[in-house]
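Report on one structure; see the data block that follows.
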Amino acid sequence: MTPGASPQALLDVRALSKAFGGLRAVDAVSLAVHEGEILGLLGPNGSGKTTLFNLIAGDLAPDAGEIYFAGRPITRYAPSRRAALGIVRTFQLVRALLNLTVLDNVLVARLYGREPAPSVSRARAEARRCLEIAGLDDRAGRPAARLPLADRKKLEIARALAARPRLLLLDEPAAGLDQREVDALLSLVRGARAEGITLMIVEHNMRVVHALCDRVVVLSAGRAIAEGTPARVLEHAAVVEVYLGRGDPPVRPLTGPR
Ligand SMILES: Nc1ncnc2c1ncn2[C@@H]1O[C@H](COP(=O)(O)OP(=O)(O)O)[C@@H](O)[C@H]1O
Ligand SMILES: [Mg+2]
């Protein structure tokens, strides 16, 4: 345990900052994610959510601040080393290997992720289990390229699950999904949590946020401006202002579940 690191936090982000030229995309953000928790990360487009994920996963290096994972300072670790510790992320735009089948996409992740399966047959069995959790088991043999968007998003999550995450970062998993598809996503995420995975979710869909998140953090122009339970935070005047003050709000915090 590193002196000063929060003993309960699986992820502890301290005063993390990242600028692009003069733009402070992430500005002195501090937050903690506790083991077993689902933390929502909210904020309008451009508020720094994806940049924060990039910093946590190691795809970007911060200008300042520290990141601790399970008490270990990982701020300068490469993405592969963070993945080996169990930090796995999905992308806002799906990145499946389109020329492979659904099962092979997950199999690859199971063979090359953290704690790779000891044999291909074991990996295949475990990959099938990830497809089951993701609700894709009946499409295992299909080329990934032929999947509709909702199934590609499930595949992205199945691949992430196959990498055995301790902390799974989901970037807008419900974007573009209809109501029924969102319901499937909710059970998928609950299934992941039941497997012992801690989650951080960027999401604009308030039904998803209310249904899943134990706690949310709201970003505005790179700064964390509010933190608490979804119900409390979404009543918060400053949060409503952030969303409603910018034409085209991505969420309707006052109307509740859609
Ligand atoms: N690689 C980059 N180079 C320059 N500017 C970037 C880059 N990535 C993000 N930004 C800018 O940083 C800000 C935060 O972006 P982002 O983290 O993607 O926001 P969000 O995910 O909340 O919509 C935006 O103004 C965006 O244009
Ligand atoms: Mg984003």
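Only the coordinates and a few stated rules stand behind these numbers; no lab work does. Just so you know, these numbers come straight off a predicted model, no measurement behind them. Ideal geometry is used to build each Cβ from the backbone, glycine not excepted, and the neighbour counts take in all protein chains shown.
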Per-residue HN-Hα couplings for segment 206-214 [Karplus 6.51, -1.76, 1.60; θ = phi - 60°; Hz; x = Gly/Pro]:
5, 4, 5, 4, 5, 6, 10, 7, 6
Given Cα pairs under 8 Å that are at least 6 residues apart, what percent is the relative contact order of segment 89-191?
39
Note: residue 207 to residue 240 extended length (0.36 nm per residue) minus current alpha-carbon separation gives 10.3 nm
dims of the chain, Cα set, principal axes, largest to smallest, nearest Å -> 52, 44, 34
Please rank 77, 68, fewest neighbouring Cβ atoms within 10 Å first, as an exposure proxy.
77, 68
Computed from the mean reciprocal separation of all distinct C-alpha pairs, what Kirkwood hydrodynamic radius does segment 90-164 have, in Å?
11.7
Summing -39500 (n - 2.57) over the DSSP H runs of n ≥ 4 in the chain and dividing by its residue number, what mean residue ellipticity at 222 nm do you reach, to the nearest 500 deg cm²/dmol?
-10500 deg cm²/dmol
Residue 187 versus residue 121: modelled label distance in nm, points set 7 Å from Cα along the beta carbon direction
3.1
Which of 185, 42, 60 moves the most in a Gaussian network model of the chain with Cα springs under 10 Å?
60
Row for segment 32-142, column shape: gyration tensor on C-alpha, a ≥ b ≥ c, rounded if a/c < 1.5 i.e. under 1.5, prolate if a/b over b/c, else oblate; value prolate
